[in-house]
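A short worksheet on the structure shown next.
The values are calculated or read from the model by the stated rules, or taken from the named source; none is laboratory data. Just so you know, these numbers come straight off a predicted model, no measurement behind them. When we count neighbours, we look across all protein chains shown, and the Cβ atoms used for this are built from the backbone with ideal geometry, even at glycine.
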Amino acid sequence: MRPTLRKRLGGLIATVLLAGAGLAATTTGANAQPASAPAVTPFAGVFHPLKNVGNAKCLQPAGASTVETVEIVQQPCDGSIAQGWQHVGVGGNHYMFLNQLSGYCFNAFDGATDGARLLQLTCKRISNEEFNTGAALPNVVKIESRVGFRDTNFCVDVPGGAATNGLAMQIWNCNGSLAQRWIVGFD
């Protein structure tokens, strides 16, 4: 004898209710945290400072800002998430650099020209946000702009190689100086 549709539905509903009651009974215990739970660092191991070889300062958005179009500046390295950068590979030795605090990428905003600004903007797969490091990361490298998706011979540069805190970075003709050499991917 075949069970009627009404009996089958009733049995299904009873099964679901019993399973739900069992889940509810274990929820409190499953969500309990031990008293000594370790602190979790967001994206541990993915974000690292970008440190200039010439003056040992690290890059971050000005004022640790989370606002778009803010300049990228140098400050003493302090281990803050404002100075955390993820190098996102986009092919070969080409990378985008994503800030841990703001979630924005740095961008050769004014193109590939001497004195062009380096700002943070929403990460998009556009040429102003792509840079050639000339070597696989982590490493000590130049960071060359790829505006137009081509090597431009314009690099991220510390103006005058100065050690001034809060100094905005610029894009400048690549010259191999320490002002254009960066420690990328190491803490």
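The table below gives the values:
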{"quantity": "Selection status of residue 104, of a type outside the set (A, V, I, L, M, F, W, C), buried (at least 20 other Cβ atoms within 10 Å of the Cβ), out of contact with any Gly (no Cβ under 8 Å at 6 or more places or on another chain) and farther than 17 Å from residue 179 by Cβ", "calculated": "yes"}
{"quantity": "Residue within region 139-159 that is of a type in the set (S, T, N, Q) and in contact with a His (Cβ under 7 Å, 6 or more places away or on another chain) present", "calculated": "no"}
{"quantity": "Qualifying residue in region 114-133 (condition: among the hydroxyl-bearing types (Ser, Thr, Tyr), under 23 Å from residue 166 (Cβ atoms) and at pLDDT 95 or above)", "calculated": "no"}
{"quantity": "Wholly enclosed strands (runs of 3 or more DSSP E) of region 43-120 bearing at least 3 residues touching a helix residue (DSSP H, G or I) at 6+ places or on another chain (Cβ under 6 Å)", "calculated": "70-76, 105-108"}
{"quantity": "Check on residue 149, in contact with a helix residue (DSSP H, G or I) (Cβ under 8 Å, 6 or more places away or on another chain), surrounded by fewer than 16 Cβ atoms within 10 Å (Cβ to Cβ) and in contact (Cβ under 8 Å) with a residue 12 or more places away in the chain", "calculated": "yes"}
{"quantity": "Region 112-130 residues that are within 17 Å of residue 66 (Cβ to Cβ), paired with ones that are surrounded by fewer than 17 Cβ atoms within 10 Å (Cβ to Cβ) (beta carbon under 6 Å, 6 or more apart)", "calculated": "119/69; 121/68"}
{"quantity": "Count of residues meeting criterion [of a type in the set (A, V, I, L, M, F, W, C) and within 22 Å of residue 93 (Cα to Cα)] in region 159-181", "calculated": "6"}
{"quantity": "Qualifying residue in region 129-143 (condition: in contact with a Leu (Cβ under 6 Å, 6 or more places away or on another chain) and crowded, with 16+ Cβ neighbours inside 10 Å)", "calculated": "no"}
